[in-house]
1. So if I average 1/r over every pair of distinct C-alpha atoms in the stretch 264-347 and take the inverse, what Kirkwood radius in Å does that give?
2. Label residue 494 and residue 480 with points 7 Å out from Cα along Cα→Cβ: what is the distance between them in nm?
3. On the accessible surface of the chain, probed at 1.4 Å, how many percent belong to carbon and sulfur atoms?
4. Of the chymotrypsin sites (Phe, Trp or Tyr not before Pro) in the stretch 215-245, which ones lie in a loop per DSSP and count no more than 13 other C-beta atoms within 10 Å?
5. Please get the size of the charge dipole for the stretch 368-457, origin at its Cα centre, with Cβ charges of +1 on Lys and Arg and -1 on Asp and Glu, quoted in debye to the nearest 20.
6. On full extension of the chain, what length is gained from residue 71 through residue 302, given 0.36 nm per residue of separation minus the C-alpha to C-alpha distance?
7. So what J values fall out for the stretch 63-75 if you push phi through Karplus, 6.51 cos²θ - 1.76 cosθ + 1.60 with θ = phi - 60°, rounded to Hz, Gly and Pro as x?
8. Taking the Cα centre as origin and putting +1 on Lys and Arg beta-carbons and -1 on Asp and Glu beta-carbons, what dipole magnitude results for the stretch 216-273, to the nearest 20 debye?
Amino acid sequence: MRMFQSGLFCSLTGVVAASTLASCASQKKNGEEQKQYNIVYIMTDDHTQQMMSCYDQRYVETPNLDRIAADGVRFTNSFVANSLSGPSRACMITGKHSCANKFYDNTTCVFDASQQTFPKLLQQAGYETAVVGKWHLESLPTGFNYWEIVPGQGDYYNPDFITQNNDTIQKHGYVTNLITDDAIDWMENGRDKDKPFCILIHHKAIHRNWLADTCNLALYEDKTFPLPDNFFDDYEGRSAAAAQEMSIAKDMDMIYDLKMLRPDKQSRLKSLYEKYIGRMDEAQRAAWDKFYGPIIDDFYKKNPQGKELANWKFQRYMRDYMKTLKSLDDNVGRVLDYLKEKNLLDNTLVVYTSDQGFYMGEHGWFDKRFMYEESMRTPLVMHLPKDFKAKGEISEMVQNIDYAPTFLQLAGVEVPEDIQGESLLPLLKGEHPQDWRKALYYHFYEYPAEHSVKRHYGVRTEQYKLIHFYNDIDVWELYDLKADPTEMHNIYGQPGTEDVTQELKAELAELQELYNDPVRFSPDRDKE
Ligand code: SGN
Ligand code: CA
């Protein structure tokens, strides 16, 4: 294994100053010139709308991410199809639901890399394509002129990267900086500048266990956050929610998640934590211990219990997440500055999203998986090429299967029939098609598994959500999202809900038919 010195520890490299002529390419289609815009797709891991100030101002400021929205568009109803990393990435890259791309979960699946993906189609249409960072699809990337990925979940400190010749190298520095360096380097030096390009910048951050860069450790320590109203949820009427193992109070590990490492203390994930921080060099480790040392001493001295301990955990979780997010926001700023300096912004679609949303204490949780709002939603903001007129908020319901057809259309590539998503291009042109989808389909499969979220599928409309938990359980849930936006009251089976339940079941059956999901619910068989 080779070790690369990047010297990038918290000293973000400035963008290259020289300006290049970088207009987008064009190709002839039906005798007409068709512009081929560049695509810069930035995706983080587990970044949720609650923690992005253009969506939610309660907690944190994300000035660079907000820049994208301020200059472009912000999707206020953006969702995933299966709230988990690998599956989400497979949906995004194929434009198809999990049942069609066959990557159902993180634990048993290997992505069939021979299948159709949008990067392959863009490459065939003359694009230079690249992916850097977290990949998580088990098979190696195909359809890219350049790729360099982290193995599995990747590491925050001095991470390994798998290179295109299938070598594993270790780089020195903090992962969010390193992935950004690689992306900027490819845009500047790696690609053929006569061609349009598409780069996927996939961050490891802000995934568990939220190891911040040492330069950001001291941030946000003066902040105290109110617990969400439903932090002490009792899950009444929601048996699948009651069965989960992603509770901040019960399941968050004192050492692995909360960093309260002391030689005489044990925890389930202590050795994993030691492995991760064991990657640090001396200076990194010294900065780490200097920061956490007094917090550890204070914690074990005070020894909080019960609700006080739950609140203490929540505060530390929020702060660690925000510190890790800070690097991400800074590094997205670097990419935007680079594109601006190189005069690329006018011809480039810049997308920022996450592989799914996340719980920040809502229902008492961290993690995702459930079809409930916080984790079914995902941030989505875009800076548009200058020919596109949309600005501000877009409220149509969109899903991560929509990105592939959008990028293909933007490149002037015909969208294959079997793609299940809808192109967002009309919305980006400022149109609001009357026949835009009125219902979204969702299907989560990873069970039995970590966090114990049972298998479920469901349908979400503007006002309602119907969920069926199945496998070792057979439970329906129905929410009126207008009356009960935090999904605390399961009204399935309650008098007065018969009509809406019937309509939603019919919709669900139609969507399962449309997407050809072999796990079918039959409304005729089930007339409850
Ligand atoms: C790891 C985490 C889980 C997380 C999954 C999936 N555990 O297994 O908390 O739900 O990843 O996340 S850890 O002990 O390894 O941190 S995903 O975003 O990649 O799907
Ligand atoms: Ca994720």
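The values are calculated or read from the model by the stated rules, or taken from the named source; none is laboratory data. On a predicted model such as this, the values are computed, not experimentally measured, just so you know. Virtual Cβ from ideal backbone geometry, glycine too; neighbours counted across all protein chains shown. Quick note on the areas: whole protein, heavy atoms, side chains included, nothing else; ligands and nucleic acids left out. Shrake-Rupley method; radii C 1.70, N 1.55, O 1.52, S 1.80 Å.
1. Hydrodynamic radius (Kirkwood, Cα pairs) of the stretch 264-347 is 16.3 Å.
2. Here the modelled spin labels are 0.7 nm apart.
3. Within the chain, the accessible surface is 48 percent carbon and sulfur.
4. Passing both the DSSP loop test and the Cβ count: 232.
5. 300
6. Using 0.36 nm per residue and subtracting the Cα-Cα distance, I get 78.4 nm.
7. Whole-Hz 3J(HN,Hα) from phi for the stretch 63-75: x, 6, 5, 5, 4, 4, 5, 5, 8, x, 10, 10, 7.
8. 360
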